[in-house]
Amino acid sequence: MVPVCAHLSFHPSLAPVDVTLDLETAHPELTLSEDRKSVRRGGKKLLLSLFDNPKRFSTAPVVLGSQVFFSGRSYWEVQVGDKPEWGLGLCRESASRKGNILFSPSHGYWVLRLQNGGNYEALTSPISPLTLSVRPRRIGIFLDYEAGEISFYNVSDRSHIYTFTDKFSGNLRPLFFLGAFLGGRNAEPLVISWVRDTQGSGCIVL
C-alpha cells in the first residue's frame, strides 16, 4: 500500500489523520455510512432532527468531522468523484451552524467549493474564482495550524489548488458541504479516503 504522503511531494512531513464524520452535526437530510466515512444527500429527514441539537447544521447541507485540530500539521483526502457541487475545508468549532451561514474566514469558515459543475471558488471575501486544468476527483487538505495555512491539492495530478492564510485560535473541525441535490444529479457521496492514523498529531477525536 502506498503511503498517503507519497501522493504529494511538496509536504514530506505530512501527518495523515483518519477523519470520520460526526453524526450529531449532520444536517437532517444527510445520510452517513455506518463507518462514518461517507455522506450523501438523503431523501428523508433523520428522526434525530425531531430533537433540537445545537451542534447540528439546520439549513446548510453540512456535516463536520469528529476530529478537533488545535495544533500541528494534519492531512486527509476526500473523494469528490463527478459531483457537480461540493465544498470542503475547515471551520472553527464555535462558528455558527444555524440560519443563514456565510462561509468566509471572517465567520470561521475556510472552504473550497465547486458550483454548477465547473466553477471552482475559494470562499474568501470577496470570493476568489479558481481555474483548474485537471478536474479533481480527489482533494487533499493540509492544515498547518501554527503557520496559519489551509491548503488544498488536486490528488489526481498532484497540483496545488489554493491556500488560505490566517491566524488560527481555538479548535478547528473538518467540514463537508454536499451542495444542492440538483434533481438527483448530485446524489453521489463525498467519501473520506482511508489513511493510516498517525500518533502525535495535534487533534482529538470526539
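Every read-out reported here was derived from the displayed coordinates using simple, explicitly stated rules and does not represent laboratory data. It should be emphasised that the depicted structure is a prediction, and the values quoted were computed from it without experimental measurement. Glycine gets a Cβ as well: all are built from the backbone with ideal geometry, and neighbour counts include every protein chain shown.
A few remarks follow.
- Cα-based radius of gyration of the stretch 28-145 once divided by 2.2 N^0.38 Å, which approximates compact folds: 1.11
- In straight-distance terms, cross-link reach from Lys83 covers every one of the aspartates and glutamates whose alpha-carbon lies under 14 Å from its own, apart from those fewer than eight places away in the same chain; here that gives Glu188.
- Taken over the stretch 63-206, the alpha-carbon convex hull comes to 116 cubic angstrom per residue.
- Extending 7 Å from Cα along the Cβ direction at Glu34 and again at Asn171 yields two label points whose distance is 2.8 nm.
- Packing order of peptides 62-74, 126-138, 143-155, highest average first: 62-74, 143-155, 126-138 (average count of other Cβ atoms within 10 Å over each peptide's residues).
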